[in-house]
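Asks: One structure is given below, represented as structure tokens, and several questions about it will come after.
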Amino acid sequence: MTELFPVPADFAKNALIDEKTYEEWYQRSVNDPDGFWGEHGKRVDWIKPYTQVKDVSYSGDVHIKWFADGTLNVAANCLDRHLETRGDQTAIIWEGDNPNESKHVTYRELHAEVCRLANAMTDLGVKKGDRVTIYLPMIVEAAVAMLACARIGAVHSIVFGGFSPDALAGRIQDCDSVLLITADEGLRGGRKVPLKVNADKALETCWSCKSVIVVKRTGGDIHMVAGRDHWYHELTEKAAATHTPVEMSAEDPLFILYTSGSTGKPKGVLHTSGGYLVYASMTHQYVFDYHDGEVYWCTADVGWVTGHSYIVYGPLANGAITLMFEGIPTYPDASRFWQVVDKHKVNIFYTAPTAIRSLMREGEEIVKKTSRASLRLLGSVGEPINPEAWLWYHRVVGDNRCPIVDTWWQTETGGILITPLPGATALKPGSATRPFFGVKPVMVDAEGKSLDGAVEGNLCLAEPGWPGQMRTVFGDHERFVQTYFSTYKGMYFTGDGARRDEDGYYWITGRVDDVINVSGHRMGTAEVESALVAHPKVAEAAVVGYPHEIKGQGIYAYVTLVADEEPSEELRKELVNWVRKEIGPIASPDLIQWSPGLPKTRSGKIMRRILRKIAENEFGALGDTSTLADPTVVDDLIENRMNRG
Ligand code: 6R9
């Protein structure tokens, strides 16, 4: 029996949403979406109020529009509207990689800084609708850059600082960015990340990008290209600190964020302005039960969607105090998170299971020597949290006092979709529990039949939907329809498998497509494979995920070498480094198995199902192998399965 954790009485007293309210609001949100969202859409300030609410179809001519005739500016909602009431309140607490470095930035200061950059970008010729790529470490300027884009109506595309020059170049080219905002170097765990050097390399193949703005973070020795590169501090110093925000339609794009799918190149997930902001701010308030004045810390990087919605847009739209952390959980030592919690009196803490698992290994002592008395609520995101890690998080970090919100969502969904509301939901360790308002999960079998009751299946979402959903794949609407709405007609297919229990709680089991979730980061198997086969000594490669104690899933690569090449430890290292260089460290294969042959059907399709089972050490459950062109390949692979003896 799963242990049930009811809402603590203390917590319930002040909670924004109780069980009864959840039930009522949920029913209304799915039965009367226009009425429900028509009301909740008012949580943001509109320049021209909307008269239309929902215009969504998941079939036929697939389209998603919310509040379409309203106009607003997202940055004004995150800044200007707070100036009168909380101008001198901290907006961002920045905690540096070095524990001696931190600062508080008020709403008034942040507003002025965003206006300056908005003016500077305008002077460089950046206009509404232009794309701007941001390749920055976790410094305040990252939030400033996002908001300055939103202010002038430019569409930002953030590329995680850990991505390689090639990966950066691909993302700049795909959306024809006109401007790149980067830093001289990043700083993580005491080590420097050569952002400008990477950017210079990437820009060799990016013709659209005419200007670069460089933030001086470390003062490292870098090269500035005359006429192209500008120092951030020089541009902003001379720019005015006031700026009139550009009026945007609710459906004007706000940002693009590239994410890995099961096939092809990463997709540019496109989010628009009005619905996204309504949803990000609403989920931030209710899922984290955010009360004015509380210190909220999400440990994600702004390079991922979690950083977009729950470090910057959601919290700032709510006038919250949001903490931005430049460093890593284990530097200078493994109690850094809890030291930062004590230093800044953090009330709400949101992190990823992989961080919890790796800190668990260091033992309880290092946690227990910190106070953590300010903590009230904990959160988890990015991958399924195993009950053991959940229980440790609850008992050791939260001292049995803090509820945990296990929040399931995706880059595509813009905001949290399945989650407890901490004042309303009894918790089960390992379950993301119940849908947020507007979200209608459907479990389907492989044939697309909807399943009722307690079942396991593929997780789809039916209309009416929620306003924060992605609108299209940038530049390729057909791919959007194909990827998400063609597998199961009339529904959005998430790519995840799930189980629904007898209480209607959802348990996400993980990806059912060819996407690997490494430490909460998505990697397409196809991307890693194409990096591997680009190496001159590799003839063929197949990549699958396998269970990994810390990362959740690790990357397992089957590699066939070209004729006359011999496997060696040296070559293994070379291939791992090659993939790091091609994509970035997060794509490094954890295990490489030399495979003279791969299991293929007679039509030449690699049977990944079999490769997955072998990687998982489950040789008994290989299923039917008779359709293989050469079934003996499988015996050979099992014989040579990595780390067996
Ligand atoms: C927000 C984010 C999305 C994929 C998603 C799923 C996995 C995220 C989860 C979870 C179980 C949770 N995932 N949160 N699985 N429980 N609470 O992570 O977006 O990077 O696009 O990844 O992550 O597999 O489909 P993204």
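Asks: Please work out the Cα center distance from the range 533-551 to the range 151-229, rounded to the nearest Å.
Replies: A separation of 28 Å, based on Cα centres.
Asks: Let a ≥ b ≥ c be the square roots of the eigenvalues of the Cα gyration tensor of the chain; is it rounded (a/c under 1.5), or, if not, prolate (a/b larger than b/c) or oblate?
Replies: In terms of gyration-tensor shape, rounded.
Asks: Lys/Arg Cβ at +1, Asp/Glu Cβ at -1, dipole of the range 519-640 taken about the Cα centre: which of 523, 598, 579 is farthest positive-ward?
Replies: It is 523.
Asks: Just grab the label-to-label distance for residue 207 and residue 640, each label 7 Å out from Cα along the Cβ direction, in nm (one decimal).
Replies: In this crude label model, residue 207 to residue 640 measures out at 4.4 nm.
Asks: Here's something else I'd like to know. Sum up the charges of everything whose Cβ sits under 12 Å from the Cβ of residue 89, counting Lys and Arg as +1 and Asp and Glu as -1, but leave residue 89 out.
Replies: Taking every Cβ under 12 Å from that of residue 89, the sum is -3.
Asks: Tell me which of 409, 370, 504 sits at the most positive position along the dipole axis of the chain, charges placed on C-beta atoms (Lys, Arg +1; Asp, Glu -1).
Replies: 370
Asks: What FRET efficiency comes out for residue 46 versus residue 328 if R0 is 51 angstrom and r is the Cβ-Cβ distance? Round to the nearest 0.05.
Replies: It comes out at approximately 0.80.
Asks: With runs of 4+ DSSP H residues as the only contributors, calculate the mean residue ellipticity of the chain at 222 nm using -39,500 (n - 2.57) per run, divided by the residue total and rounded to the nearest 500.
Replies: Calculated mean residue ellipticity at 222 nm is -8000 deg cm²/dmol.
Asks: So if each residue of separation counts as 0.36 nm, and I subtract the Cα-Cα distance between residue 221 and residue 574, what length gain in nm does that give?
Replies: Answer, rounded to one decimal: 124.2 nm.
Asks: A further question follows. For the range 485-588, what's the relative contact order in percent, using C-alpha pairs closer than 8 Å and at least 6 residues apart?
Replies: 19
Asks: OK, next. Suppose the chain between residue 501 and residue 103 were pulled fully straight at 0.36 nm per residue; how much longer would it get relative to their current alpha carbon spacing?
Replies: Computed gain between residue 501 and residue 103 is 138.7 nm.
Asks: Roughly what % of DSSP beta bridges within the chain run antiparallel, to the nearest 5?
Replies: Approximately 60 percent, going by the DSSP bridge assignments.
Asks: Same structure, new question: Tell me whether the range 471-536 comes out rounded, prolate or oblate; compute the Cα gyration tensor, take square roots of the eigenvalues as a ≥ b ≥ c, and use a/c under 1.5 as the rounded threshold.
Replies: Because a/c hits 1.5 or more and a/b fails to exceed b/c, the range 471-536 counts as oblate.
Asks: Using unit Cβ charges (K, R positive; D, E negative) and no other charged atoms, how large, in debye to the nearest 20, is the dipole of the chain about its Cα centre?
Replies: Its charge dipole is roughly 620 debye.
Asks: Calculated FRET efficiency, residue 445 and residue 477, Cβ-Cβ r, R0 22 Å, to nearest 0.05?
Replies: 0.20
Asks: DSSP beta bridges in the range 519-640, what fraction antiparallel, as a percent rounded to 5?
Replies: Counting DSSP beta bridges with both partners in the range 519-640, the antiparallel share is about 75 percent.
Asks: What does the accessible area per residue of the chain come to in Å², with a 1.4 Å probe and no ligands, DNA or RNA counted?
Replies: On a per-residue basis, the chain sits at 37 Å².
Asks: Tally Lys and Arg at +1 and Asp and Glu at -1 over the other residues with C-beta under 14 Å from the C-beta of residue 111: what net charge comes out?
Replies: Net of charged neighbours comes to 0.
Asks: Distance from the Cα centre of the range 420-482 to that of the range 24-63, in angstrom?
Replies: 17
Asks: Which net charge results for the neighbourhood of residue 375, defined as the other residues with beta-carbon distances under 14 angstrom from its beta-carbon, given Lys and Arg at +1 and Asp and Glu at -1?
Replies: Its environment carries a net charge of +2.
Asks: So, R0 is 25 Å and r is the distance between the beta-carbons of residue 238 and residue 83; what FRET efficiency does that work out to, to 0.05?
Replies: 0.60
Asks: Also, I was wondering about something else. Take each complete run of DSSP H in the chain, measure how far its Cα atoms stretch along the helix's own axis, and keep only those covering 15 Å or more with mean Kyte-Doolittle hydropathy at least 0.0; list them.
Replies: 140-152, 274-287
Asks: Okay, moving on. Of all DSSP beta bridges in the range 147-241, what percent run antiparallel (nearest 5)?
Replies: 25
Asks: Hey, another quick one. Please compute the length gained on full extension between residue 622 and residue 112, using 0.36 nm multiplied by the number of residues separating them and subtracting their Cα-Cα distance.
Replies: Difference between extended and current length: 177.5 nm.
Asks: Relative contact order for the chain: what percent, with Cα pairs under 8 Å and sequence separation of 6 or more?
Replies: Averaging sequence separation for qualifying contacts and normalising by length gives 13 percent for the chain.
Asks: If you place +1 on the Cβ of every Lys and Arg and -1 on the Cβ of every Asp and Glu, how big does the dipole about the Cα centre of the range 519-640 come out, in debye to the nearest 20?
Replies: I would put it at about 560 debye.
Asks: Something else: Could you give P(r) for the range 519-640, binned at 5 Å from zero, as whole percent values over all Cα-Cα pairs?
Replies: With 5 Å bins starting at 0, P(r) equals 2, 11, 22, 24, 20, 14, 6, 1.
Asks: DSSP loop chymotrypsin sites (Phe, Trp or Tyr not before Pro) in the range 261-369 with at most 11 other Cβ atoms within 10 Å of their Cβ, which ones?
Replies: The qualifying sites: there are none.
Asks: Carbon and sulfur together cover what percent of the accessible area of the range 116-211 at a 1.4 Å probe radius?
Replies: Of all accessible area on the range 116-211, carbon and sulfur atoms account for 50 percent.
Asks: Can I ask one more? List the pairs from 54/127; 267/581; 65/127; 210/267; 265/440 whose alpha-carbon separation is above 26 Å, in the order I gave them.
Replies: 54/127; 265/440
Asks: State the percentage of accessible surface on the range 470-619 attributable to carbon and sulfur atoms; use a 1.4 Å probe and exclude ligands, DNA and RNA.
Replies: Using a 1.4 Å probe with all protein chains present, the range 470-619 comes out at 50 percent carbon and sulfur.
Asks: Measuring from label point to label point, each 7 Å out along Cα→Cβ, what is the residue 9 to residue 34 span in nm?
Replies: Inter-label distance under the simple model: 4.6 nm.
Asks: For the range 208-273, just say rounded, prolate or oblate: build the C-alpha gyration tensor, square-root its eigenvalues into a ≥ b ≥ c, call rounded for a/c under 1.5, and beyond that prolate if a/b exceeds b/c, oblate if not.
Replies: Oblate, because a/c is 1.5 or more while a/b does not exceed b/c.
The values are calculated or read from the model by the stated rules, or taken from the named source; none is laboratory data. In this text the structure is predicted, and so the values were computed from the model without any measurement. Quick reminder, even Gly has a Cβ in these numbers, built from the backbone with ideal geometry, and neighbours come from all protein chains shown. Accessible surface areas use protein heavy atoms only, side chains included; no ligands, DNA or RNA. Shrake-Rupley method; radii C 1.70, N 1.55, O 1.52, S 1.80 Å.
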